Each structure stands twice: as C-alpha cells, then as structure tokens.
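Just so it is clear, none of the values below were taken in a lab; they were calculated from the coordinates. In this text, all values refer to a predicted model and were calculated from it rather than measured experimentally. Cβ coordinates were reconstructed from backbone atoms using ideal geometry, including for glycine residues, and neighbour counts include every protein chain displayed.
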Amino acid sequence: MKVLVVGGGGREHTLAWKLAQSPSVDKLYAIPGSAAMSEVAQCVDIALSDLDAITDYAKNEGIDMLVVGPEVPLTEGLADLAQSKGLAVFGPNKAAAQMEGSKVFAKNLMKKYHVPTAAYASFTDGDAAKAYIKEQGAPIVVKADGLAAGKGVVVAQTVEEAKAAVRAMIEDKTFGQSGARVVIEEFMEGPEVSVLSFTDGETVVPMVSSMDHKCALDGDKGLNTGGMGTIAPNPYYTDDVAAECMEKIFLPTVAAMQAEGCPFKGCLYFGLMLTPDGPKVIEYNCRFGDPETQVVLPLLESDLLTVMQACTNGTLDKTEVKFSDGAAACVVLASGGYPVAYEKGKEITGLENGQVPGAADVTVYHAGTAIKDGKLVTNGGRVLGVTATAPRLTAAITQAYAAAEKISFEKLHKRSDIGLRALKALAEKQ
Ligand code: AMP
Ligand code: GLY
C-alpha cells in the first residue's frame with residue numbers, strides 16, 4: 001500500500017517511522033515532510049494550506065491512505081475533500097474536527113452530554129466577559145474559541161490578568177477571528193494526563209497514557225510551549241482512573257459526536273485533569289499530540305496501518321490494539337529563546353544519519369531540522385525529540401537524557417526534569 005503522511009514535524013516523523021515498520025506499507029510519502037522524514041518517505045513540497053494540491057497529488061499517485069498530522073488542515077476540511085475524491089483518510093472530517101477547532105463547540109458538547117469538564121460561559125462581548133470574570137473571581141481561565149497554535153489559553157491568577165486576556169482576545173484581536181469568541185472557565189487543579197485514542201466513530205480504544213511537560217523551564221516554570229518532553233505511561237492514570245475515564249468521558253464523547261451527526265474517525269486526544277472531583281476534560285484535540293506521539297507510538301506493538309484502516313472502515317471493535325508493558329521518555333531539544341524568538345541554521349553535532357550512534361533503544365525524532373550545505377542544522381523552535389524505551393520509566397528517562405547529552409548545537413535548551421514528577425508519583429504509589 002501507498003501511504004501519505006501530511007505534516008513535517010516531530011509527530012509526523014514518528015508516524016512515518018512507525019508506518020515504515022508496517023509490512024503492508026510498500027511506499028511512504030510525506031507532504032511536506034522534512035529532511036529526516038526523507039530517510040523513510042518520499043517528501044513532496046506542497047504547502048499544507050493547499051488542500052486541492054495535496055488531494056490531487058494523492059489521487060494521481062494512487063495513495064491508499066492519507067494520514068493527517070496537524071489540526072489546521074483537518075479543521076479546514078482536508079479529510080472531506082480527500083473523501084470526495086475517493087481517498088481513504090485517517091483523520092476526522094471538518095465537522096468532527098470542531099472538537100479542537102472550536103472550544104465553544106467542545107464545551108457545549110460536553111455540557112449537553114454530561115461529560116465532566118470545568119464550568120464555563122462563552123462571550124463575544126468584552127464587557128459581558130469582564131463582568132462575568134469579576135463575578136467569578138480569580139484564579140480563572142480565559143480561552144480563545146478558535147485555533148491559536150497553543151497560545152490561546154491564559155490561566156489568570158488575578159481578575160486583572162483575566163480581563164487583560166479578554167481585552168487582548170476580543171478587543172485587540174491578538175488571535176484574529178480565533179479570539180472573537182472566548183470561553184471563560186473555572187480553574188481546575190490536579191495532575192494532567194494525555195490520552196490519545198483510536199476511534200472509528202463508534203468504538204474507542206485508548207492508547208497508552210502519557211504526560212506532557214508544557215512549560216519552557218524546569219519546575220513547570222516559564223512560558224507555555226508546544227511541549228518540552230513526555231513520558232508514558234502516566235503513573236497518575238491508574239486502572240481505576242482509566243475505567244472511570246472510559247465510562248464517563250471516552251464512550252460518552254464518541255457517542256455524543258455520533259448523536260450530533262458528526263462521528264469522529266481518527267485519533268481523538270483527551271487532555272484530562274484528575275481533579276479531587278474526578279477526571280475532567282481540559283481539551284479535546286482532533287489529532288495525535290506532539291510530543292506525546294513520540295512516546296506512545298514506540299510502545300505500540302500492533303501494526304499501525306492495520307489499526308488506522310480499522311478506524312477508517314469502522315472495524316475497530318474487531319481489531320487488536322496492543323501496547324508493550326514498557327515505558328518511554330522523550331526529551332525535547334529546543335532552540336534557545338523558544339517559544340518566543342530564536343535563531344535557526346545552527347549546526348547540530350552528535351548525530352549520524354539523524355540518530356545517536358550506539359544508543360540502541362533510542363530514536364531521535366526530528367521536529368525542526370534541515371540539511372544546509374550538507375550539514376544538519378536547526379530549523380525550528382523545537383528541534384529534536386530524543387526518545388528512549390525501556391522496561392521501566394526510570395531507565396527510559398536516564399537513557400533519553402544520556403543520548404540527549406551527546407547532541408549539541410548553539411543555544412540548545414532542554415528541560416532537565418522531564419519525568420521527575422512521574423517518578424515521584426511512582427515512588428509514592430509504592
Ligand atoms: P490547552 O491549550 O487547552 O491544552 O491548555 C493549556 C494548559 O492550560 C493546560 O495543559 C492546563 O495546564 C491549563 N489549563 C487549561 N484549562 C484549565 C483549567 N480550566 N484549569 C486549570 N488549568 C487549565
Ligand atoms: N502536546 C500537546 C498537544 O499536542 O496539543
């Protein structure tokens with residue numbers, strides 16, 4: 001089969017790496033892909049915004065399955081367009097992708113179908129939003145309705161901070177149309193868990209749980225980023241919590257989307273908070289997480305393409321999805337200054353053919369690298385995700401850091417505490 005991965009970051013490198021292991025994949029393609037992905041896939045230089053060109057290319061090339069990484073093309077209707085041209089797609093259509101594309105849609109869905117989440121109200125009027133904030137008090141959370149590249153959430157510690165966020169979103173239009181509507185939400189507390197799941201619109205199969213580290217600096221300090229590292233499985237996600245999430249969150253969510261006439265097919269990402277009142281949804285994403293994928297897929301023992309096909313043709317209930325009992329850790333190497341301003345084009349040393357030589361259980365997924373004058377250079381904020389797998393989490397973390405230490409480039413920044421909280425939670429359990 002011919003499979004085309006849409007996207008070119010660390011998540012897509014991981015998807016391509018995993019798909020390349022499938023005996024049924026004869027040829028892999030990527031749009032636009034990356035220098036690293038070209039090791040396993042034929043990369044085609046088409047803009048992610050050009051949905052017509054992507055689907056025309058897939059049609060002409062006889063692609064059997066499109067696998068879409070990022071949310072933007074999904075919310076813009078890439079899956080719908082591909083299906084209209086007779087192509088199979090792993091990824092939700094535009095209506096289902098609203099689960100991520102509109103926080104108001106997601107919150108209203110949860111309210112209607114009693115899926116536990118933070119209490120909220122939505123506003124298009126700045127004054128009304130500010131009055132609500134004053135009434136509720138701080139801490140309080142302000143979210144732009146639409147996509148904002150991970151920057152549309154302000155966890156405000158004071159009423160003033162929350163009002164400033166409303167001003168920026170609704171009045172100053174910092175996020176354009178995405179912030180024309182805002183959700184104002186109750187502040188929740190508790191450990192966070194990411195659960196990516198496979199779903200064919202009816203059956204839902206959660207993948208191994210994971211923990212992201214979103215803040216730029218150690219100790220969960222600094223600005224929010226796309227993710228500075230991940231571990232799997234997440235020790236806070238016990239069997240009891242998993243059973244509760246299945247019953248109160250996963251099944252009701254998938255059934256709700258079906259009842260609304262927009263069944264979700266693809267990878268549905270549940271961002272959860274384990275509050276004292278039980279697990280609640282922070283957010284839904286309509287795609288694989290980045291860098292969660294970098295720790296989840298290396299633990300998948302089943303054939304990824306087979307599972308993806310089951311999601312597109314509605315046979316997930318008859319398909320085995322098996323994960324190893326081991327653990328994985330991913331340390332992200334970022335460009336100094338990320339997520340604000342950073343330089344590109346710095347030479348990366350310590351890798352051979354994109355990997356750390358001699359590190360058997362380590363795979364380096366490239367998020368932002370390029371080849372310039374024959375040399376591997378940095379080409380983004382997040383540059384590399386160094387993932388190690390091991391029977392236990394402690395070893396996975398140690399091995400990921402040992403491999404990460406061998407890689408260098410000017411102004412490299414990484415957190416030194418990826419997985420530390422998870423290890424503490426594990427120690428407390430024993
Ligand atoms: P999101 O972009 O929706 O993933 O939100 C980014 C981060 O903001 C989450 O990972 C949480 O740490 C935090 N957050 C979002 N909503 C809430 C909430 N209602 N209460 C507390 N923290 C939140
Ligand atoms: N790592 C968080 C996300 O993919 O949204």
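Taken over the Cα atoms of the stretch 1-111, the convex hull encloses 100 Å³ per residue.
Looking at the stretch 189-307, the pairs of alpha carbons with a distance over 23 Å make up 29% of the total. Normalising the Debye intensity of the chain to I(0), with uniform scatterers on Cα atoms only, and taking log10 at q = 0.10, 0.14 Å⁻¹ returns -0.68, -1.41.
Our note on the geometry: Cα centres of the stretch 353-430 and the stretch 205-229, 14 Å apart. Ellipticity at 222 nm from helices only: DSSP H runs of n ≥ 4 in the chain, each -39500 (n - 2.57), divided by the residue count, give -8000 deg cm²/dmol. The charge dipole of the stretch 125-217, taken about its Cα centre with unit charges on the Cβ of Lys, Arg, Asp and Glu (plus for the first two, minus for the last two), comes to roughly 320 debye. Each label point was placed 7 Å from the Cα along the Cα-to-Cβ direction; for ALA53 and LEU426 their separation is 4.6 nm. For the stretch 239-397, the equivalent ellipsoid built from the Cα gyration tensor has semi-axes of 34, 19, 18 Å, listed from largest to smallest. In plain terms, the C-alpha convex hull of the stretch 247-324 casts an average shadow of 6.2 nm² when viewed from every direction.
With an a/c value of 1.5 or above and a/b larger than b/c for the gyration tensor axes a ≥ b ≥ c computed over the alpha-carbon atoms, the stretch 67-193 is described as prolate. Entry note: the stretch 311-430 has Rg to Rh equal to 1.07, where both radii use alpha-carbon atoms and Rh is the Kirkwood radius. Given contacts defined as C-alpha pairs under 8 Å and at least six residues apart, what's the relative contact order of the chain, whole-number percent? Relative CO of the chain lands at 16 percent. If you wrap the Cα atoms of the stretch 88-152 in a convex hull and average its projected area over all directions, you get 6.0 nm². Remark: the stretch 173-224 carries a charge dipole of roughly 360 debye about the Cα centre, counting +1 on each Lys and Arg Cβ and -1 on each Asp and Glu Cβ. Of the three principal axes defined by the Cα atoms of the stretch 154-245, the extents in descending order read 44, 36, 22 Å. For the stretch 146-251, the relative contact order works out to 17 percent when only alpha carbon pairs closer than 8 Å and six or more residues apart are counted. With Rh defined as the Kirkwood radius, the inverse of the mean 1/r over Cα pairs, the Rg/Rh of the stretch 200-270 is 1.08. The charge dipole of the chain, taken about the Cα centre with unit charges on the Cβ atoms of Lys, Arg (+1) and Asp, Glu (-1), comes to about 500 debye, rounded to the nearest 20. A crude spin-label estimate for the pair LEU217 and ALA119, with each label 7 Å from Cα along the Cβ direction, gives 3.4 nm.
Taking a straight Cα-Cα cut-off under 23 Å and skipping sequence neighbours fewer than 8 places away in the same chain, the lysines within cross-link reach of LYS221 are LYS143, LYS151, LYS163, LYS411, LYS414, LYS424. Divided by 2.2 N^0.38 Å, where N counts the residues, the Cα radius of gyration of the stretch 329-400 comes to 1.16.
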